[in-house]
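Student: Shown below is the structure under consideration.
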Amino acid sequence: MIEQSGGFSLLSAVDHAQVDWYLVFEDPKQGNWWDIFLRRGFRHVYALRWDGDRWLVYMPDKALTYVGVIEAGRNDMLAIVSSECSAILRFVATRKTWRWRAPWVLAPWTCVEQVKALLGIRHPLILTPWQLYRYVRAQNESRR
């Protein structure tokens with residue numbers, strides 16, 4: 001028999017995956033017609049993850065989604081991101097591996113939707129990078 005002490009145990013994490021991601025918010029190099037509806041400095045979002053040896057990059061774009069590896073040290077993250085970025089936020093994604101994020105997504109497949117899928121965020125009303133920024137910042141503040 002295994003007893004739990006009311007706190008976290010490895011058994012409670014069997015169906016959960018926890019991963020650190022860094023979200024980078026910026027304006028894209030080439031503007032889009034819909035930028036007039038988005039907050040300046042928060043018109044695009046992409047994600048970085050340190051895997052222990054290198055940086056993994058997940059960069060959604062309107063034409064394709066780039067997933068790559070950057071051979072750089074842990075302290076070189078600021079050299080990787082654009083000098084034009086507005087904010088970088090750390091987010092600990094805890095995904096329930098047995099559950100779909102959302103069976104039907106009724107929204108354009110934007111950078112925000114792709115990053116939400118990556119992180120396991122299930123909030124259909126988060127549509128813009130600014131809304132995602134505010135959500136992640138609030139989540140980080142509530143974990144302190």
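Student: Please compute the net charge surrounding Val69, taking Lys and Arg as +1 and Asp and Glu as -1 over other residues with Cβ under 10 Å from its Cβ.
Tutor: Taking every Cβ under 10 Å from that of Val69, the sum is -2.
Student: Work from the charge dipole of the stretch 15-142 (Cβ charges, +1 for Lys and Arg, -1 for Asp and Glu, about the Cα centre) and give the residue of Ser86, Ala138, Thr65 farthest towards its positive end.
Tutor: Of the candidates, Ala138 comes out farthest on the positive side.
Student: Sticking with this structure for a sec: What is the distance, in nm, between label points placed 7 Å from the Cα along the Cα-to-Cβ direction at Val69 and at Ala107?
Tutor: So the label points at Val69 and Ala107 sit 3.2 nm apart.
Student: For the ranges 111-122, 49-60, 75-86, what's the packing order if you count other beta-carbon atoms within 10 Å of each residue, average per peptide, and put the highest first?
Tutor: Put in order of decreasing packing, that is 111-122, 49-60, 75-86.
Student: Can I ask one more? Over all alpha-carbon pairs in the stretch 37-79, figure out the percentage whose distance exceeds 16 Å.
Tutor: 47
Student: What would the Debye formula give as log10 I(q)/I(0) at q = 0.22, 0.23 Å⁻¹ for the alpha-carbon point model of the stretch 15-142, no solvent?
Tutor: Each listed q corresponds, in turn, to -1.53, -1.63.
Student: Oh, and also: Mind listing the phi-derived Karplus ³J(HN,Hα) values for the stretch 68-85, rounded to whole Hz, using 6.51, -1.76 and 1.60 with θ = phi - 60°, and x for any glycine or proline?
Tutor: With the stated coefficients, the stretch 68-85 comes to x, 10, 10, 7, 8, x, 4, 7, 9, 4, 5, 6, 7, 6, 5, 6, 8, 5 Hz.
Student: In whole Hz, with x marking every Gly and Pro, tabulate ³J(HN,Hα) for the stretch 48-63 from phi via Karplus 6.51 cos²θ - 1.76 cosθ + 1.60, θ = phi - 60°.
Tutor: Each residue's phi maps through the Karplus curve to give 10, 9, 8, 9, x, 10, 7, 9, 9, 10, 10, 10, x, 9, 5, 8 Hz.
Student: Right, next: Quick one: compute the contact order of the stretch 15-142, relative version, from alpha carbon pairs under 8 angstrom and 6+ residues apart, as a percent.
Tutor: Once normalised by length, the contact order is 31 percent.
Student: What distance in nm lies between label points placed 7 Å from Cα along the C-beta direction at Ala79 and Ala117?
Tutor: Between Ala79 and Ala117, the simple spin-label model gives 3.3 nm.
Student: Also, I was wondering about something else. Once phi is turned into ³J(HN,Hα) by the Karplus curve 6.51 cos²θ - 1.76 cosθ + 1.60 with θ = phi - 60°, what whole-Hz value does each residue of the stretch 38-47 show in order, with x for glycine and proline?
Tutor: Once θ is set to phi - 60°, the couplings for the stretch 38-47 become 10, 6, 4, x, 9, 9, 8, 9, 9, 10 Hz.
Student: Between Leu38 and Arg90, what FRET efficiency comes out of the Förster formula 1/(1 + (r/R0)^6) with R0 = 30 Å and r the beta carbon distance, rounded to 0.05? Intermediate results must be reported in sequence, preceding the final value.
Tutor: On the way: r = 23 Å, r/R0 = 0.76.
About 0.85, to the nearest 0.05.
Readers should treat all values here as calculations from the given coordinates under stated rules, not as data from a laboratory. Nothing here was measured: the structure is a model prediction, and the numbers come from that model. When we count neighbours, we look across all protein chains shown, and the Cβ atoms used for this are built from the backbone with ideal geometry, even at glycine.
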